[in-house]
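To keep things clear, I will list the structure first and then write my remarks on it.
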Amino acid sequence: MKFALDAETRDFAASVDEMLRRADVPAAIRAWNDGDTAAGLAVWGKLEQQGVFALLADEESGGMGATAVEGVAIAEILGRHGVPGPVVESMFVAPAIGRPAADAPVTVAAPPLAPLAAGADVASAAFHLAADGTVSEAELGDRERSVDRARTLAAATAGAGVGSADPVDAVNHGALGTAAVQLGLASAMLEMSVEYAKQREQFGRPIGEQQAIKHKAADMAIAIEMARPLLWAGALAIAGNPDAPAAAVRDVSAAYVACGDAADLARRSALQIHGAIGYTMEHSLGLYLTKSHALRAAWGSAAYHRGRILESIESEGAR
Amino acid sequence: MDLELEQSDLDFRAEVREWLEANVPAEPLPSMDTAEGFAAHRAWEARMAEDRMSVVSWPEEYGGRDCGLTRWVIFEEEYYRAGAPGRVSQNGIFLLAPTLFEHANPEQLARIMPRMARADDVWAQAWSEPESGSDLASLRSTAKRTDGGWLLSGQKTWSSRASFADMGFGLFRTDPEQSRHRGLTYFMFDLRADGVTVRPIDQLDGEPGFAELFLEDVFVPDDPSAQGNSGVIGDVDNGWKVAMSTANNERGLSLRSPGRFLATTDRLVRLWRERSGDLDARERGAAGDRVVDAWIGSRAYELSTWGTVTTLNSGGQLGSESSINKVFWSEWDIATHQTALDLLGPEGERADEKWQDGYLFALAGPIYAGTNEIQKNVIAERLLGLPRGNR
């Protein structure tokens, strides 16, 4: 029993983190918000070079054959930096439907749960996954704006069929990837809040000395740290448990709910700690806040996922 | 990364499960906060000790099985799963014992531990004082040097089960020139010694689970063979450091082992299966969400414990993370019991309802082991690096 990331994964995550730290992602997000995706796609190019989008694809199709555990470790880092574009769909869902993202970005819609294809403006390929598992090329409707200005949506309908996939497994991958990105976004918002509370003074003292501020930050840390083990377990359930699909459904949904709740709390608390400056686009908090808000129901509402868990624990022998 | 237990650990689980099935009393024991229940619980602990089941993580020479952390967690899971009695000796084995293993000398260990393992001595905490709760360093009890030992004086309060226990442990000021956390010493003392007055205090459930201790020149001899197992742990005037290792244990793994949460969640899920059919649609959706959230919380706690076990097994240490645990489980405990009581509806009000006792106990969670407000300050300052400032 060893419930921790191994050294290799930690090193890989650290190298991705280091690259993104140097890449000035906030500037890329701001440009993307204004319709210029070049800087953001340059970041995608660097991530592709590091093998991020080939991580979960099997080796026969040119991927690295890594498991979802490595996937969530890296996706959390991408979330922490707010990387724009269809990260979850390219990294997690495309390989799960047998369409590894050779030419990332790739987007996938899975109506009715996830009817809108995200990143429709930049995707080199778009797929449609039907409830019966039929995978087809997606025909995209009009481009629509998301509340996250760096995210473009389009309704998707089935076009020419290209294969089939296990729809539950695909949804699990979408939900798990979303959970990882949300956890990263929550961590980023906590980190920004702590930095801000240390330097921002009111009444001649840093606001971080105030217990009310400390407790908001502590509550965020508790939610984040207690959600991460669920994220790892969800990844393990997908990676190593083909015989226990019910356990995978349950653990992935638990991760989705807990990471989503941690992000909900982080948005509220981070904005409260920042005050009015956090409500402006002059400050970077908003870039992470709106991105996290947009992902709330990207691969199912919290109610849907709680319902999946309830079904699972209602059956005898759930544990 | 994996969550797979080794075969030898699974064998251990099977052995513990079998032993518990054969030995756990069929009828629940009376409350350990009554004289009768205390005696019954003491007898249960002695029964466990006969088969080396009372302190499995201790070295064999003191009555344990030398189990590592992994098996200790497994033992706790099985213990709660079996619905076995609450541990009347928990303050000794979970709070004092780790401190002794870290700071006591071999002679003290040989004398004290086997008696603790058999519950020959049941230990009570003497931490809190009037006006001194989470701010432990503000305590006012003193220990003065005398011929051949020390004289303890002062007042301790809210001491769990001290009404019936044999021995107490806590901090006393040995250097009156020093203030706050300096100049304190960690003492063990006999609750039946001359000069000790124990006044029981009824808790919310009406049972004398707490007691107040009045100490008037209570003699603690230097000679270890005299007066029970009293004495000093660690160095004189260094009691704060010694005590802090105990505090982390209380907040972290030991007192609220994941086994308790898993067992409580299993009971809640069973209750949901029995009751949800009777709920109308209005109640069902909201209650179902809360049952799910309770399940998610216990799963998170279980998994985070395995993460901690991994860290500790590979040489890491438990630090301020224990404060995260403490806030989490104490809030979870209340929410879960409230959910169960809501499922029971008006019937839940009955005083003999197990959920009702559990709820009252859970209410104390955010208060003891350092209030949650104090824990959140610890998280903010030590983990996140926010400035201490004036309080």
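The values are calculated or read from the model by the stated rules, or taken from the named source; none is laboratory data. None of the values given here were measured: they were computed from a predicted structure. Using ideal geometry, Cβ is built from the backbone for each residue, glycine included, and neighbour counts are taken over all protein chains shown. All accessible areas refer to the heavy atoms of the entire protein, side chains included, with ligands and DNA or RNA removed. Shrake-Rupley method; radii C 1.70, N 1.55, O 1.52, S 1.80 Å.
Summary table
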{"quantity": "Stokes-Einstein D for chain A, Kirkwood Rh over Cα pairs, 37 °C, 0.692 mPa s (µm²/s)", "calculated": "166 µm²/s"}
{"quantity": "Area hidden from solvent between B and A (accessible, protein heavy atoms only, 1.4 Å, total, Å²)", "calculated": "4000 Å²"}
{"quantity": "Positive-pole candidate from A:Val122, A:Thr107, A:Ile213, dipole of the protein assembly as shown, charges at beta carbon", "calculated": "A:Ile213"}
{"quantity": "The stretch B:7-87 - Debye-derived log10 I(q)/I(0), Cα point model, q = 0.11, 0.14, 0.22, 0.27 Å⁻¹", "calculated": "-0.29, -0.47, -1.06, -1.37"}
{"quantity": "Within the accessible area of chain B (1.4 Å probe), percent carbon and sulfur", "calculated": "48 percent"}
{"quantity": "Compactness index (Cα Rg / 2.2 N^0.38 Å), the stretch A:168-318", "calculated": "1.18"}
{"quantity": "Share antiparallel - DSSP beta bridges, chain B, percent rounded to 5", "calculated": "85 percent"}
{"quantity": "Two-site FRET efficiency, A:His283 against A:Tyr304, from Cβ-Cβ distance with R₀ of 35 Å, rounded to 0.05", "calculated": "0.60"}
{"quantity": "Average silhouette area of the stretch B:161-226, convex hull of alpha-carbon atoms, in square nanometres", "calculated": "5.6 nm²"}
{"quantity": "Angle between chain B longest axis and helix B:239-251 axis [Cα atoms, degrees, rounded to 10]", "calculated": "10 degrees"}
{"quantity": "Peptide ranges B:314-327, B:372-385, A:89-102, A:270-283 listed from the most packed, as the mean C-beta count within 10 angstrom indicates", "calculated": "A:89-102, B:372-385, B:314-327, A:270-283"}
{"quantity": "16 Å reach of a label modelled at B:Arg270, 7 Å along Cα-to-Cβ, counting backbone N of the stretch A:292-317", "calculated": "A:314-317"}
{"quantity": "Rounded tilt (10° steps) of B:7-23 against the dominant C-alpha axis of chain B", "calculated": "90 degrees"}
{"quantity": "Cα-based Lys proximity count in chain B, under 30 Å, for pairs eight or more positions apart or on separate chains", "calculated": "9"}
{"quantity": "B:Glu50-B:Gln7 pseudo-label distance in nm [points 7 Å out on the Cα-to-Cβ vector]", "calculated": "3.3 nm"}
{"quantity": "Per-pair calculated FRET efficiency, R0 = 45 Å: A:Glu8 and B:Glu27 via Cβ, rounded to 0.05", "calculated": "0.25"}
{"quantity": "Rounded to whole Hz, the Karplus (6.51, -1.76, 1.60) HN-Hα couplings of the stretch B:207-218, x for glycine and proline", "calculated": "9, x, x, 9, 8, 9, 10, 10, 10, 10, 6, 7"}
{"quantity": "Student exercise, the stretch B:121-197 dipole from Lys, Arg, Asp, Glu Cβ charges, in Debye to nearest 20", "calculated": "140 debye"}
{"quantity": "Over the protein assembly as shown - Rg/Rh using Cα atoms and the Kirkwood inverse-distance radius", "calculated": "1.02"}
{"quantity": "Descending semi-axes in Å of the stretch B:1-160, equivalent ellipsoid built from Cα gyration tensor", "calculated": "32, 20, 16"}
{"quantity": "Average beta carbon contacts from partner chains per residue of B:301-313, 10 Å cutoff", "calculated": "4"}
{"quantity": "Vicinal HN-Hα couplings computed from phi for the stretch B:157-168 (Karplus, 6.51 cos²θ - 1.76 cosθ + 1.60; Hz; Gly/Pro x)", "calculated": "9, 6, 8, 5, 6, 5, 4, 10, 6, 9, 9, x"}
{"quantity": "For the stretch A:120-266, accessible area per residue (1.4 Å probe, heavy atoms of protein chains only), Å²", "calculated": "37 Å²"}
{"quantity": "Degrees, to the nearest 10: B:258-275 long Cα axis against longest axis of chain B", "calculated": "30 degrees"}
{"quantity": "Chain A, accessible surface, carbon-and-sulfur percent (1.4 angstrom probe)", "calculated": "50 percent"}
{"quantity": "Label-point separation in nm, B:Gln178 to B:Ala110, each point 7 Å along Cα→Cβ", "calculated": "3.0 nm"}
{"quantity": "Translational diffusion of the stretch B:123-241, µm² s⁻¹ [Kirkwood Rh, Cα pairs; Stokes-Einstein; 10 °C; 1.306 mPa s]", "calculated": "112 µm²/s"}
{"quantity": "Heavy-atom surface of chain B, accessible at 1.4 Å and reported per residue (Å²)", "calculated": "43 Å²"}
{"quantity": "Cβ-placed point charges (K, R +1; D, E -1), dipole of chain A about Cα centre in debye, nearest 20", "calculated": "1200 debye"}
{"quantity": "At q = 0.13, 0.23, 0.27 Å⁻¹, base-10 log of I(q)/I(0) for the stretch B:59-144 (Debye sum, equal scatterers on each alpha carbon)", "calculated": "-0.58, -1.22, -1.37"}
{"quantity": "Computed over chain B, Kirkwood Rh from alpha-carbon pairs, angstrom", "calculated": "22.2 Å"}
{"quantity": "Fraction of antiparallel bridges per DSSP, the protein assembly as shown only, in percent to nearest 5", "calculated": "85 percent"}
{"quantity": "Shielding of B:314-324 by partner chains, average beta-carbon count, 10 Å", "calculated": "1"}
{"quantity": "Taking the C-alpha atoms of the stretch A:85-244, convex hull volume expressed per residue in Å³", "calculated": "133 Å³"}
{"quantity": "Cβ-Cβ FRET estimate between B:Glu61 and B:Lys144, R0 fixed at 45 Å, reported to 0.05", "calculated": "0.80"}
{"quantity": "Vicinal HN-Hα couplings computed from phi for the stretch B:177-182 (Karplus, 6.51 cos²θ - 1.76 cosθ + 1.60; Hz; Gly/Pro x)", "calculated": "6, 8, 10, 6, 7, 9"}
{"quantity": "Rg ratio (alpha-carbon, reference 2.2 N^0.38 Å) - the stretch B:256-384", "calculated": "1.18"}
{"quantity": "Translational diffusion of the stretch A:53-151, µm² s⁻¹ [Kirkwood Rh, Cα pairs; Stokes-Einstein; 20 °C; 1.002 mPa s]", "calculated": "155 µm²/s"}
{"quantity": "Average other protein chain Cβ within 10 Å of Cβ, residues B:326-336", "calculated": "1"}
{"quantity": "Potential extension, B:Glu349-B:Glu36 segment - 0.36 nm per residue separation minus Cα distance", "calculated": "110.1 nm"}
